[in-house]
Amino acid sequence: MPQSTLAIGLMSGTSRDGIDAALIETDGEGAVAALEFHAMAYDEGFRLRLAEACQRAMAMERPGFEPLIASVEAELTERHVQAVADLLGRSGHVAQDIGVIGFHGHTLAHRPERGWTWQIGDGAGLAGAFGIPVVADLRQADVVAGGQGAPLLPVYHRALADALAKPAAILNLGGVANITFIGSDGALIAFDTGMASGLIDNWMQTQGHAPYDEGGACAARGQVDAAILSTMLADPWFDLPPPKSIDREAFSIEAVRGLSLEDGAATLTAFTAAAVARAIDHLPQRPAEIHVAGGGRHNATLMAMIAERTGASVRSVDHLGWDGDALEAQGFAYMAVRHLKGLPISFPGTTGAPAPMTGGVLFRP
């Protein structure tokens, strides 16, 4: 039987709301046990600095030194050190028990069309803080080889979904949405579908003085502007065949400026749901059920819109016994163990890489 490892996974997602830290025990293949989870929220000031760093990175031709970004990276790493310390405290484990940390960092800009993707976070610093090997920079090798560098979670979804009826579809709703499809023949297809909560959050923060649309209550009171929605969906990116990925900054709330708070929220929520429906059209089989992870699964209006537009049963992954908040962080722990074993984390059907690829850079303490 393959040897299992205690691994920590860390994720700072495109929603920019905080750090997810998860502890699992896994062999990097079919055995996975979720042990502990900790979410550490960002304060408003850091969220704003992080958003500004992302905007500056998107305006750059390629990754390089920029004073604000360097400052934000140092602060981001310190916060990840705190998140790991908190997770260890909650779990009852000490650093010496942990075999590896999978450190995603935070994506500043994702430009596979230019041959690069940029995640910040000091892997060497994190390894030194705890004396634990760290696997970071998980996307870049895939992009350099010609892949999209995203989504990476499908390899973990496949391990979790082994017992599910096929075809199976797992939809992750973070700032950006991505879907994993496991066919009746075991074929793995995955790609970004478009925005998830990113634009809705931006709208609520700038227009509604709220961090997000809790439960989708604001959107539920609004009316979808069909003309604006149609214009947004006319972007040629939606017609591209998978695999494909997209940056959170690829779309903006400008299209709904002038609408009421409620109508803007409804239209942006419909934009996410309609994009998922367009994604389903790209799949070789239509799934009867869509299992949803990520913060967007708490948005009842969004979940209902996805069900209406796809014709599928749309349910939270929690009903499967999975933790829909922890899944991404768990996945990066799982990928770190696969890195140590030389196993691939991305595939032609998930990122468009030319062959199954290992990923990540190992930082030893």
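Hey, what's the Cα Rg ratio for the stretch 1-96 versus the globular rule of thumb, 2.2 N^0.38 Å?
1.31
Where the accessible area of the chain is counted over protein heavy atoms with a 1.4 Å probe, how much of it, in %, is carbon and sulfur?
Accessible surface attributable to carbon and sulfur in the chain totals 51 percent.
For the peptides 145-157, 70-82, what is the packing order when you average, over each peptide's residues, the other Cβ atoms within 10 Å and list the highest mean first?
My ranking of the peptides, most packed first, is 145-157, 70-82.
Using θ = phi - 60° and the Karplus form 6.51 cos²θ - 1.76 cosθ + 1.60, what ³J(HN,Hα) does each residue of the stretch 328-335 get, whole Hz, x for Gly and Pro?
Here the 3J(HN,Hα) series is 5, 4, 4, x, 6, 5, 4, 5 Hz.
DSSP loop (so not H, G, I, E, B), at most 14 other Cβ within 10 Å: list which chymotrypsin sites (Phe, Trp or Tyr not before Pro) in the stretch 13-112 pass both filters.
Those that pass, being in a loop and sparsely packed, are 65.
Under 8 Å for C-alpha pairs, at least 6 residues apart: give me the relative contact order for the chain, rounded to a whole percent.
23 percent
Spelling out what I want: for every residue of the stretch 113-130, take phi, set θ = phi - 60°, compute 6.51 cos²θ - 1.76 cosθ + 1.60 (Karplus), and round to whole Hz; glycine and proline get x.
Going residue by residue, I get 5, 9, x, 8, 9, 10, 10, 9, x, 8, x, 5, x, 5, 4, x, 5, 10 Hz, with x marking Gly and Pro.
Separation of the stretch 48-62 and the stretch 16-46 by C-alpha centroid, Å?
Here the two parts' Cα centres lie 25 Å apart.
Can you give the FRET efficiency for residue 61 and residue 361, using 1/(1 + (r/R0)^6), R0 = 22 Å, r = Cβ-Cβ distance, to the nearest 0.05?
Efficiency at R0 = 22 Å is approximately 0.45.
Once every DSSP H run of n ≥ 4 in the chain is given -39500 (n - 2.57) and the sum is divided by its residues, what mean residue ellipticity at 222 nm do you get, rounded to the nearest 500 deg cm²/dmol?
Taking each H run of at least 4 residues, the total per residue is -11000 deg cm²/dmol.
Give the distance, in whole Å, between the Cα centre of the stretch 295-365 and the Cα centre of the stretch 213-285.
21 Å
Per residue, how much accessible area does the chain have with a 1.4 Å probe, in Å²?
38 Å²
Could you sort the peptides 326-335, 253-262, 270-279 by per-residue average Cβ neighbour count (10 Å cutoff), highest mean leading?
326-335, 270-279, 253-262
Here are several values of Cα extents along the principal axes in Å: [x] 56, 49, 38; [y] 116, 43, 29; [z] 147, 45, 32. Which one was derived from the coordinates shown?
It is the value labelled [x].
Out of the DSSP beta bridges found with both residues in the chain, what percent are antiparallel (nearest 5)?
The antiparallel proportion sits near 70 percent.
Residues of the stretch 291-319 with the amide nitrogen closer than 11 Å to a label point 7 Å from the Cα of residue 233, along Cα-to-Cβ, please.
309-310
The values are calculated or read from the model by the stated rules, or taken from the named source; none is laboratory data. As the structure is a prediction and not an experimental result, all values here were calculated from the model. Note: ideal-geometry Cβ built from the backbone for every residue, glycine included; neighbour counts use all protein chains shown. In case anyone asks, the SASA skips ligands and DNA or RNA and just uses the protein heavy atoms, side chains included. Shrake-Rupley method; radii C 1.70, N 1.55, O 1.52, S 1.80 Å.
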